[in-house]
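What follows is one structure encoded as structure tokens, with my remarks underneath.
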Amino acid sequence: MSARQIHGIVRATSPLNTFLRLLLFAILGLFALYYLMPLFVMIATALKPLEEIRTGTLISLPQEPTLEPALRAWDSACVGVRCEGLKPYVWNSMAMVIPAVIISTFLGAINGYALTKWRFRGSDLIFGLMLFGAFIPFQVVLLPMARTLGILGMAGTVPGLVLVHTIYGLAFTTLFFRNFFVGVSDGIVQAAKIDGAGFFGIFFRLMLPMAPPAIVVTVIWQFTQIWNDFLFGVAFTVGDSNPVTVALNNLVASSTGVKEYNVDMAAAIIAAVPTLIVYVFAGKYFIRGLAAGAVKG
Amino acid sequence: MGKVRLDNVWKRFGSNEVIKGIDMEIEDGEFVVLVGPSGCGKSTLLNLVSGLETLSDGDVHIGERKVNDIAPKDRDIAMVFQSYALYPTKTVEENITFGMVTRRVPKEERQKALKEVTDLLHIEMLLDRKPGQLSGGQRQRVAMGRALVRDPEVFLFDEPLSNLDAKLRVEMRTEIKKLHQRLGKTIIYVTHDQVEAMSLATRIAVMDAGTIRQIAPPEEIYERPVDLFVASFIGSPAMALVKGKVVQSDGLKLDVTDEEGTVLFPIPRELTATAKSFLGRELILGLRPESIVKEGEQRGGRQTFAFERRIDVVEPTGPDTLIIFTLGGVEAIARVHPEDKAPVDSMYRFEVDMERAKLFDPETGKRLSASS
């Protein structure tokens, strides 16, 4: 018996048990390696000078790490004929994702609140139809949506993309908020009605302050979806209004002469960083929100 | 004025009739308890008065006003919910003053009203806390504070005590009664707990399947229930309802026969005239536990009658001991002094006060009265 027993840890009790346990960890380790390898290659390559890529192997560590490729990817690599790096496209994506997330989350919150706390004839049907919207493959709507944007005069613009993402995000944001508000006691709304508060008074003064967990989940979801979207970006924008995902594709495709893998990798990392940041920051509030709800009882 | 009047009130959800034409008149300052099994429509009826549900048919008057189309906030009512329904993100103070802030009551007035209520309920020290930091009893107080601060003509309580533990429930019950005596405001109170109903009400309305079976002061509901439903619902432990046949044998008797033998209960004197028409037919005898005691212990009973049965179960409750036995195929309970208890399975001489026994017509369920 070992001198120190840690409470709650199940120890192997027989040789077979030990063997199975080693096998378990070997398989888990293999999967972890499989998952982390591409990330490692990506980061390592992004930090290597071009010379090292040509001579070294894919998985070797960078001998002379450099930020040169990252800087090139940010503001001087060529995307098509425009050689300003990803920078302008990152701003495009920001200009698209921030309003789209805010508007779709806000509307989803109102929808979820109305569908649970102000039920009306057919509200379940409407929710069912909205849920159906979450399962529509987006390829189906490309052509009608392009026509609609054309009629609205928003074709090929960032605001047009904001509109598209807001509309197609509503199914999910409504779902998230409905599921949250359905767990909120109807008595609170009834008490507030007797206290004289109206639809929006109850929403802004009582419901939204209770909803941070739902808000954080929705924001993470919407931000990731919209930021990573390629299909709508490539279909509904042209050249200068491309979001960063489309620009990344163009950057990788439009290298002339020697292929700069390090710049490509760095550009991919740049395109992925904002969603990671959202996870790191909002994820913390997400956990906190859950814990606060748990002790309320 | 805190008068409430319901005229032929109906509530339907689709084809489901929840309230079926209720008429009720509540005087200013009354404490009316709506009681009944779950699903009988008592909470719905309360919500019709509050305006949280809309009427399908009929009229609701509060004071002199018809309020059918008046919003809950303008009905001069306040409500306490079963779930308390406190606003979780607001402090106790903000919870209590929420309605006044909504109605743009000036700050000084708000503070004055808040102070009055917190003094009354002893919750000064809780004002800065959130509902999540309060115990069940404290939440209950805050919920009442939120209602009291409105100073309405009518208070509506929707099972306010059912989430509390037994001891706290009894304490808060007394407190609610004190509050009513002190404020003298009309209260309509919903509960499924008949003990709560008996102890609080000036009048009880016993509801069943969307109708009111009987509305009367607690003593009358208890002593003179109109039918079998009210008789079996009110009273704990419940009244024993024993089937018997009316026979003529040295006076009018009720013949209850089971495997232990036959018992001939004398018909209560004042009911003999009415019972005569049932000669040869069945009647249901209703006996409350406290009207069955050990032989010779009946205090002041004017028409006592003794019989013998085997003891099934003995349940001491403290002040009294309950002896459970079988009579005419149903379970009956006697409430005896603790020192009068006897071993299980032994034969026991019980005595009933027939003056307090009730008789019911098994076909209509109605209680027989001297006049009918």
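The values are calculated or read from the model by the stated rules, or taken from the named source; none is laboratory data. Fair warning: this is a prediction, and the values are worked out from it, not measured in the lab. Cβ placement follows ideal geometry from the backbone for every residue including glycine, while neighbour counts extend to all protein chains displayed.
With the requirement that a residue be under 16 Å from B:Lys366 (Cβ atoms) and not in a strand (DSSP E or B), what does region B:274-290 give you?
Once the filter is applied, which keeps residues that are under 16 Å from B:Lys366 (Cβ atoms) and not in a strand (DSSP E or B), region B:274-290 yields B:Thr274, B:Ala275, B:Ser277, B:Phe278, B:Arg281.
Check region A:197-213 and report whether any residue there is farther than 24 Å from B:Ala78 by Cα, touching a Leu at 6+ places or on another chain (Cβ under 9 Å) and either modelled with pLDDT of 90 or more or outside any loop (DSSP other than H, G, I, E, B) (or both).
So far as region A:197-213 goes, yes, one or more of its residues are farther than 24 Å from B:Ala78 by Cα, touching a Leu at 6+ places or on another chain (Cβ under 9 Å) and either modelled with pLDDT of 90 or more or outside any loop (DSSP other than H, G, I, E, B) (or both).
If I filter region B:147-199 down to residues being small (Gly, Ala, Ser) and under 21 Å from A:Ile188 (Cβ atoms), which single residue comes out as surrounded by the most Cβ atoms within 10 Å (Cβ to Cβ)?
Ranking the qualifying residues of region B:147-199, first place goes to B:Ala147.
Look at A:Asn250 and say whether it is under 30 Å from B:Gly132 (Cα atoms), in a helix (DSSP H, G or I), more than 14 Å from chain B (Cβ to nearest Cβ) and at pLDDT below 90. Reasoning before the result, please.
On the way: under 30 Å from B:Gly132 (Cα atoms): no; in a helix (DSSP H, G or I): yes; more than 14 Å from chain B (Cβ to nearest Cβ): yes; at pLDDT below 90: yes.
No.
I'd like to check something: does region B:70-77 contain any residue that is surrounded by fewer than 22 Cβ atoms within 10 Å (Cβ to Cβ), in contact (Cβ under 8 Å) with a residue 40 or more places away in the chain and touching a Leu at 6+ places or on another chain (Cβ under 7 Å)?
So far as region B:70-77 goes, no, none of its residues is surrounded by fewer than 22 Cβ atoms within 10 Å (Cβ to Cβ), in contact (Cβ under 8 Å) with a residue 40 or more places away in the chain and touching a Leu at 6+ places or on another chain (Cβ under 7 Å).
Has region A:190-201 got at least one residue that is over 22 Å from B:Asp158 (Cα atoms), out of contact with any helix residue (DSSP H, G or I) (no Cβ under 7 Å at 6 or more places or on another chain) and buried (at least 19 other Cβ atoms within 10 Å of the Cβ)?
No, there is no match, as no residue in region A:190-201 is over 22 Å from B:Asp158 (Cα atoms), out of contact with any helix residue (DSSP H, G or I) (no Cβ under 7 Å at 6 or more places or on another chain) and buried (at least 19 other Cβ atoms within 10 Å of the Cβ).
If only one of B:Arg349, B:Arg288 is within 27 Å of the chain's Cα centre (by Cα) and not small (Gly, Ala, Ser), which one is it? Steps first, answer last, please.
On the way: B:Arg349 fails: within 27 Å of the chain's Cα centre (by Cα).
Answer to the check: B:Arg288.
So A:Ala109 clears everything in (1) out of contact with any helix residue (DSSP H, G or I) (no Cβ under 9 Å at 6 or more places or on another chain); (2) more than 28 Å from A:Val252 (Cα to Cα) except one condition, right? Which one?
(1)
Quickly run through region B:325-372 and pick out the residues that are among the aliphatic types (A, V, I, L, M), more than 20 Å from B:Thr304 (Cα to Cα) and surrounded by 15 or more Cβ atoms within 10 Å (Cβ to Cβ).
Pass one, region B:325-372, residues among the aliphatic types (A, V, I, L, M): B:327, B:330, B:332-334, B:336, B:342, B:344, B:347, B:352, B:354, B:357, B:359, B:368, B:370.
Retained after the next criterion (residues that are more than 20 Å from B:Thr304 (Cα to Cα)): B:330, B:342, B:344.
The one that is among the aliphatic types (A, V, I, L, M), more than 20 Å from B:Thr304 (Cα to Cα) and surrounded by 15 or more Cβ atoms within 10 Å (Cβ to Cβ): B:Ala342.
Considering only residues of region A:172-221 that are under 30 Å from A:Pro144 (Cα atoms) and more than 16 Å from the chain's Cα centre (by Cα), which is nearest to the other protein chains (Cβ to nearest Cβ)?
A:Phe177
Out of B:Thr326, B:Thr364, report the one residue that is part of a strand (DSSP E or B), in contact with a strand residue (DSSP E or B) (Cβ under 8 Å, 6 or more places away or on another chain) and polar (S, T, N, Q).
On the way: B:Thr364 fails: part of a strand (DSSP E or B).
None of the others qualify; the one that does is B:Thr326.
May I ask you to say which residue of A:Ala271, A:Ala266, A:Ala282 is in a helix (DSSP H, G or I), in contact with a Pro (Cβ under 6 Å, 6 or more places away or on another chain) and aliphatic (A, V, I, L, M)?
Being in a helix (DSSP H, G or I), in contact with a Pro (Cβ under 6 Å, 6 or more places away or on another chain) and aliphatic (A, V, I, L, M) holds for just one of A:Ala271, A:Ala266, A:Ala282, which is A:Ala266.
Sort out which residues of region A:181-202 are of a type outside the set (Gly, Ala, Ser) and within 23 Å of B:Arg139 (Cα to Cα), and write them in order of number.
Within region A:181-202, A:Phe181, A:Val182, A:Val184, A:Asp186, A:Ile188, A:Val189, A:Gln190, A:Lys193, A:Ile194, A:Asp195, A:Ile202 qualify.
Find the residue count for region B:94-104, including only residues that are surrounded by fewer than 15 Cβ atoms within 10 Å (Cβ to Cβ) and touching a helix residue (DSSP H, G or I) at 6+ places or on another chain (Cβ under 9 Å). Break it down into steps so the answer makes sense when it comes.
Quick first cut of region B:94-104, residues surrounded by fewer than 15 Cβ atoms within 10 Å (Cβ to Cβ) only: B:103-104.
After this cut, where a residue has to be touching a helix residue (DSSP H, G or I) at 6+ places or on another chain (Cβ under 9 Å) as well, the list is B:103.
Number satisfying all stated conditions: 1.
For region A:61-85, which residues satisfy the criterion of being in a loop (DSSP other than H, G, I, E, B) and among the small types (Gly, Ala, Ser)?
A:Ser76, A:Ala77, A:Gly80, A:Gly85
Is it true that some residue in region A:122-142 is touching an Asp or Glu at 6+ places or on another chain (Cβ under 8 Å) and either away from every other protein chain (no Cβ under 14 Å) or in contact (Cβ under 8 Å) with a residue 60 or more places away in the chain (or both)? Break it down stepwise before answering.
Here is the first cut: in region A:122-142, the residues touching an Asp or Glu at 6+ places or on another chain (Cβ under 8 Å) are none.
Within region A:122-142 (the criterion being touching an Asp or Glu at 6+ places or on another chain (Cβ under 8 Å) and either away from every other protein chain (no Cβ under 14 Å) or in contact (Cβ under 8 Å) with a residue 60 or more places away in the chain (or both)), the answer is no, since none of the residues qualifies.
So is B:Leu52 within 24 Å of A:Phe120 (Cα to Cα), at the interface with chain A (Cβ under 10 Å from one of its Cβ atoms) and assigned to a loop (DSSP other than H, G, I, E, B) or not?
Taking the combined requirement at face value, the residue satisfies it.
Name the residues in region B:79-107 that are outside any helix (DSSP H, G or I) and more than 7 Å from every other protein chain (Cβ to nearest Cβ), would you?
B:Val80, B:Gln82, B:Tyr84, B:Leu86, B:Lys90, B:Thr91, B:Arg104, B:Val105, B:Pro106
If I filter region A:259-297 down to residues being of a type in the set (D, E, K, R) and surrounded by fewer than 19 Cβ atoms within 10 Å (Cβ to Cβ), which single residue comes out as modelled with the lowest pLDDT?
A:Lys296
Rundown of residues vs (1) in contact with an Asp or Glu (Cβ under 7 Å, 6 or more places away or on another chain); (2) surrounded by fewer than 18 Cβ atoms within 10 Å (Cβ to Cβ), yes/no style:
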{"residue": "A:Gln63", "(1), (2)": "yes, yes"}
{"residue": "A:Glu68", "(1), (2)": "no, yes"}
{"residue": "A:Ser93", "(1), (2)": "no, no"}
{"residue": "A:Met96", "(1), (2)": "no, no"}
{"residue": "A:Ala100", "(1), (2)": "no, no"}
{"residue": "A:Phe106", "(1), (2)": "no, yes"}
{"residue": "A:Thr116", "(1), (2)": "no, no"}
{"residue": "A:Arg119", "(1), (2)": "no, yes"}
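Looking at region B:119-146 only, could you name the residues that are crowded, with 24+ Cβ neighbours inside 10 Å and either within 10 Å of another protein chain (Cβ to nearest Cβ) or acidic (Asp, Glu) (or both)?
Within region B:119-146, B:Ala143, B:Arg146 qualify.
Give the residue, chosen from B:Ala334, B:Ala342, B:Ala370, that is in contact (Cβ under 8 Å) with a residue 24 or more places away in the chain, under 28 Å from B:Ser277 (Cα atoms) and of a type outside the set (Ser, Thr, Tyr).
Working: B:Ala334 fails: under 28 Å from B:Ser277 (Cα atoms); B:Ala342 fails: under 28 Å from B:Ser277 (Cα atoms).
The unique qualifying residue is B:Ala370.
Considering only residues that are under 19 Å from the mean Cα position of the chain (by Cα) and of a type in the set (D, E, K, R), which ones fall in region B:221-261?
Within region B:221-261, B:Glu223, B:Arg224, B:Asp227 meet the criteria.
Looking at region A:239-258, which of its residues are among the aliphatic types (A, V, I, L, M) and either crowded, with 22+ Cβ neighbours inside 10 Å or within 17 Å of A:His165 (Cβ to Cβ) (or both)?
A:Val244, A:Val246, A:Ala247, A:Leu248, A:Leu251
Being in contact (Cβ under 8 Å) with a residue 40 or more places away in the chain and in a helix (DSSP H, G or I) is the filter here, so list the residues in region B:139-153 that pass it.
Once the filter is applied, which keeps residues that are in contact (Cβ under 8 Å) with a residue 40 or more places away in the chain and in a helix (DSSP H, G or I), region B:139-153 yields B:Arg139, B:Gln140, B:Val142, B:Ala143, B:Met144, B:Gly145, B:Arg146, B:Ala147, B:Leu148.
Going by what's in this entry, would B:Leu45 be described as among the aliphatic types (A, V, I, L, M), away from every other protein chain (no Cβ under 12 Å) and either closer than 29 Å to B:Leu164 by Cβ or assigned to a helix (DSSP H, G or I) (or both)?
yes
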